[in-house]
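Participant: I have a structure here, written as structure tokens, and I will follow up with some questions on it.
The values are calculated or read from the model by the stated rules, or taken from the named source; none is laboratory data. Owing to the predicted nature of the structure, the values given are computational and were not obtained by experimental measurement. Backbone-built Cβ (ideal geometry, glycine too); neighbour counts: all protein chains shown. SASA here: full protein model, heavy atoms, side chains in, ligands and nucleic acids out. Shrake-Rupley method; radii C 1.70, N 1.55, O 1.52, S 1.80 Å.
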Amino acid sequence: MRNIKDEKNLSEKKILLRLDLNVPLDNGKITDTTRIDKIIPTISFLLKNNAKVIILSHIGRPKGKITNTLSLKPVCEDLKNKLNENVELITKNLKEINSSDLFNNQDAKIVMLENIRFYEEEEKNNHAFAKHLASLADIYVNDAFSCSHRAHASIFEITKFLPSYAGLQLNLEINALTKITSQIKKPITCIIGGSKISSKINIIKNLIPLFDNIIIVGGMANNVLKFKGHNIGKSIQEDNCNKIIEEIFSLSIKKNCKIIYPEDVTVGKHLNGSPKIKELNDVSEDELILDIGPKSIKNINNIIEESNTVLWNGPAGYFENPGFAKGSLEIMKKIIEKNKANTIYSVAGGGDTVALLNSVGSVNEFDFVSTAGGAFLEFLEGKELPGIKALNQYV
């Protein structure tokens, strides 16, 4: 896989730069700029080498339709301020744009094409669409590791038409995650939380042989608690999970990996409600499990204390309500404590985890923080990501 920083001849070249600028928006305002901040070095490198940059990205899931609330305009404005450069947002139909339409102003250095997912051809990995995108530039750079588990036109198919390279951030992500899988310092603990249940439960099975401890928290843990015979009230859960949970516990015994789940919980009547600590057998039918309880926190922190490597993907509770953020914050504090003592290698990943760390200014207190969620876990699982496979043909 070639890295763009090793390319010597970039002057006046048009670079099609695929980024993941899928930042959270609230009424058109960005609430977390981490994904933007992380790709500044790549853009700065390209500008320093006198290249012309064409940014491709997406926000949300417009499903192939123009959706004004999912415009990249706020991202464009944020980038302008951070780079101190003009960034022109091209809103014209992408399929009607030619290379000659771009950079007509001699001083123009960066343009951004409107949300790539406004076009259904993107998620269909359409050959003709990818070829048209490629016709706009001289070189393609993928710096969107967090999208690289998807075989989309701007991630996979496009590499068939242009010399293709990895960006600086994508390289950093791969190096950090490779360190976990190939230079593991045991004991290694994986904390998996969040509410995306079905997508992660299968991954747990594949991670069991690699890890000493897998700690299940967040919405995912509700399935385990229900499987173990506990009432979870009206908490979020996934249907038809019992068989796979049974397989997880069976496999964990064979592979000598401990599966840890909450011993007690913090509940509320609704998301904005007040927290109440409960034993597992005391959850009422009208209650939601929204965080782990103090006994669970103590147990998890004891496991982290004994670990040399920790991987964290997904918060322990509904941290958006401070009353249900304690589990996540206590886990975070323990990892940071170990990090400062140089007794652990820590990697955190996933949008919600990054948002939590950002909310308390702790992003830089982990060895590595990845904005990727699905790609992060699939890479660790050993899957060949389509975006990485496409780049690996260039060695």
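Participant: Quickly run through the range 147-164 and pick out the residues that are open to solvent by 10 Å² or more (accessible area, probe 1.4 Å) and either farther than 19 Å from GLY350 by Cβ or in contact with a Lys or Arg (Cβ under 8 Å, 6 or more places away or on another chain) (or both).
Facilitator: HIS149, ALA151, HIS152, PHE156, GLU157, LYS160, PHE161, LEU162, PRO163
Participant: Of everything in the range 364-389, what is touching a residue at least 12 places away in the same chain (Cβ under 8 Å), among the polar types (S, T, N, Q) and either in contact with a Phe, Trp or Tyr (Cβ under 6 Å, 6 or more places away or on another chain) or surrounded by fewer than 20 Cβ atoms within 10 Å (Cβ to Cβ) (or both)? Give them in sequence order.
Facilitator: SER370
Participant: State which residue is modelled with the lowest pLDDT when the search covers only the range 308-329 and only residues that are surrounded by fewer than 24 Cβ atoms within 10 Å (Cβ to Cβ) and in a loop (DSSP other than H, G, I, E, B).
Facilitator: GLU320
Participant: Restricting attention to the range 5-13, does a residue exist that is buried (at least 23 other Cβ atoms within 10 Å of the Cβ) and either in contact with a Ser or Thr (Cβ under 7 Å, 6 or more places away or on another chain) or under 26 Å from HIS132 (Cα atoms) (or both)?
Facilitator: no
Participant: Could I ask something else about it? Is it true that LYS82 is under 21 Å from LEU170 (Cα atoms) and charged (D, E, K, R)?
Facilitator: When the stated conditions are applied, LYS82 passes them.
Participant: Quickly run through the range 330-361 and pick out the residues that are among the hydroxyl-bearing types (Ser, Thr, Tyr), modelled with pLDDT of 90 or more and surrounded by fewer than 20 Cβ atoms within 10 Å (Cβ to Cβ).
Facilitator: THR343, the sole residue that qualifies.
Participant: Select from the range 275-296 the residues that are closer than 11 Å to PRO262 by Cβ and among the basic types (Lys, Arg) and write down the one among them that is most open to solvent (accessible area, probe 1.4 Å).
Facilitator: My answer is LYS295.
Participant: Still on this model: Filter the range 212-243 for residues that are part of a loop (DSSP other than H, G, I, E, B), without any contact (Cβ under 8 Å) to a residue 60 or more places away in the chain and either under 19 Å from PRO187 (Cα atoms) or not polar (S, T, N, Q) (or both) and give the result.
Facilitator: Of everything in the range 212-243, those that are part of a loop (DSSP other than H, G, I, E, B), without any contact (Cβ under 8 Å) to a residue 60 or more places away in the chain and either under 19 Å from PRO187 (Cα atoms) or not polar (S, T, N, Q) (or both) turn out to be LYS228, GLY229, HIS230, ILE232, GLY233, LYS234, ILE236, GLU238, ASP239, CYS241.
Participant: Determine which member of the set ILE184, ILE116 is surrounded by 23 or more Cβ atoms within 10 Å (Cβ to Cβ), touching a residue at least 40 places away in the same chain (Cβ under 8 Å) and of a type in the set (Val, Ile, Thr).
Facilitator: Residue meeting the stated conditions: ILE116.
Participant: A follow-up question, please. Go through the range 231-261 residue by residue and tally those that are within 22 Å of GLU279 (Cα to Cα), hydrophobic (A, V, I, L, M, F, W, C) and either in contact with an Asp or Glu (Cβ under 7 Å, 6 or more places away or on another chain) or open to solvent by 60 Å² or more (accessible area, probe 1.4 Å) (or both).
Facilitator: 1
Participant: When the range 52-109 is examined, which residues are found to be over 16 Å from ILE30 (Cβ atoms), touching a residue at least 40 places away in the same chain (Cβ under 8 Å) and open to solvent by less than 80 Å² (accessible area, probe 1.4 Å)?
Facilitator: LYS52, VAL53, ILE54, LEU56, PRO62, GLY64, THR67, SER99, LEU102, PHE103, ALA108
Participant: Okay, next question. Can we say LYS258 is within 26 Å of the chain's Cα centre (by Cα) and on the phi < 0 side of the Ramachandran plot?
Facilitator: The answer is yes for LYS258.
Participant: Show the residue pairs that are 6+ apart or on different chains and have beta-carbon atoms under 9 Å apart, the first residue being within the range 1-30 and more than 20 Å from VAL141 (Cβ to Cβ) and in contact (Cβ under 8 Å) with a residue 60 or more places away in the chain, the second being surrounded by 14 or more Cβ atoms within 10 Å (Cβ to Cβ) and β-branched (Val, Ile, Thr).
Facilitator: Here the result reads PRO24/ILE30, each pair linking the range 1-30 to a residue that is surrounded by 14 or more Cβ atoms within 10 Å (Cβ to Cβ) and β-branched (Val, Ile, Thr).
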